[in-house]
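Working notes, structure below.
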Amino acid sequence: MQLQEPAGEHRTLLQGVSWSTYEALLADLGDHRGRIAYDNGMLEIMTPSQTHEGLKKIIGRLIETYSLELGIEILSTSSLTLKRSKLLKGAEADESYYVQNEALVRHRKIDLAVDPPPDLAIEVEISRSALDHLGIYAGLGVPELWRHDGKSLRVYLLSAEGEYRPSEKSRAFPALPLEDFRRFLAKRTGLSETQLLTAFRDWVRRHRRRRGVSSRKPKNERRGRRRKPST
């Protein structure tokens, strides 16, 4: 029996919130909270639904299966808090990954004052947010953003002008056919999680042999570079 996708997340929007209050909430609430986003005085607390959590987990596990099968080094940073006080912007993705810059932050505490943000962030937004999340992530400098509204997956790449542009090719995983990724993702309501991941793993192996996809990590064009300190 196929699952019926239930309602989306619960969102609470507060206005006129100072940056210091935002940081205090992050510290006081710790891990016992939903995802918190901040944009120039507006603060949103999102409490995820079961559908939201299941969807973001499946997307993450598909990415991790793909990288494992191709030997691509990644660092999973989940809902790592990203924030820049100078821009008054902050966000916590559902999932996030270092790919091109994985070696730069491996086995060390990430300091976003000097380290780059994750190469890829994933957000599920079933119920519409009042905040401009594309603008927030663009300000934070995240090179690639995947967004799912409960129906379809869209991929955005950060342009040289600092704005996101829709793309049919991933920068973090350039050999991954997004059409096929979406096809497997759409099967989530008809297969068990194990069945879906097994089918996807088998497809990756066949695709690698058929297309001659390299199992080497994508070239790190920014290896060794770090952001200049920013707060």
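Full extension of the segment from ARG33 to HIS107, taken as 0.36 nm per residue of separation minus the current Cα-Cα distance, would add 24.0 nm. In this simple spin-label approximation, THR47 and VAL114 carry label points 7 Å from Cα along the Cα→Cβ vector, and these lie 4.0 nm apart. The modelled label-to-label distance for the pair THR12/GLU168, using points 7 Å beyond Cα in the direction of Cβ, is 4.3 nm. 3J(HN,Hα) couplings calculated from phi for region 117-130 with the Karplus curve 6.51 cos²θ - 1.76 cosθ + 1.60 (θ = phi - 60°) are, in sequence order, x, x, 6, 9, 10, 10, 10, 9, 9, 7, 8, 5, 8, 7 Hz; Gly and Pro show x. Between amide H atoms placed 1.01 Å from N, distances below 5 Å from HIS10 occur with THR47, SER49, all of them 5 or more places distant or on a separate chain. Across region 49-58, coupling constants 3J(HN,Hα) worked out from phi with the 6.51/-1.76/1.60 Karplus curve, θ = phi - 60°, read 8, 4, 4, 4, 5, x, 5, 5, 5, 5 Hz, and Gly and Pro carry x.
Per-residue Cβ neighbour counts within 10 Å put THR47, THR77 in the sequence THR47, THR77, beginning with the fewest.
Here's how it looks for ASP115: its modeled amide H is under 5 Å from those of ARG227, which are all 5 or more places away or on a different chain. Using C-alpha pairs under 8 Å with a sequence gap of at least 6, the mean separation divided by the residue count of the chain gives a relative contact order of 22 percent. Residues whose amide H lies under 5 Å from that of GLU73, counting only those 5 or more places away or on a different chain, are LYS217; hydrogens are built 1.01 Å from N in the peptide plane.
Would you please classify the overall shape of the chain from the alpha carbon gyration tensor, given that a ≥ b ≥ c denote the square roots of the eigenvalues, rounded means a/c under 1.5, and beyond that prolate means a/b larger than b/c while oblate covers the rest? Taking the square roots of the gyration eigenvalues as a ≥ b ≥ c, the chain is oblate. Within the chain, the longest run free of exposed loop sites, counting GluC sites (Glu not before Pro) that sit outside DSSP helix and strand states (H, G, I, E, B) and have at most 14 other Cβ atoms within 10 Å, spans 1-160.
Label zone of SER76 (point 7 Å out along Cα→Cβ, amide N under 13 Å): in region 46-68 this covers 56-68. Taking each residue as 0.36 nm, the span from SER129 to LEU25 lengthens on full extension beyond its C-alpha to C-alpha distance by 35.5 nm.
FYI, it's all coordinate maths here, none of it is from the lab. Source: prediction; values computed, not measured. Reconstructed Cβ throughout: ideal geometry from the backbone, glycine too, with neighbour counts over all protein chains shown.
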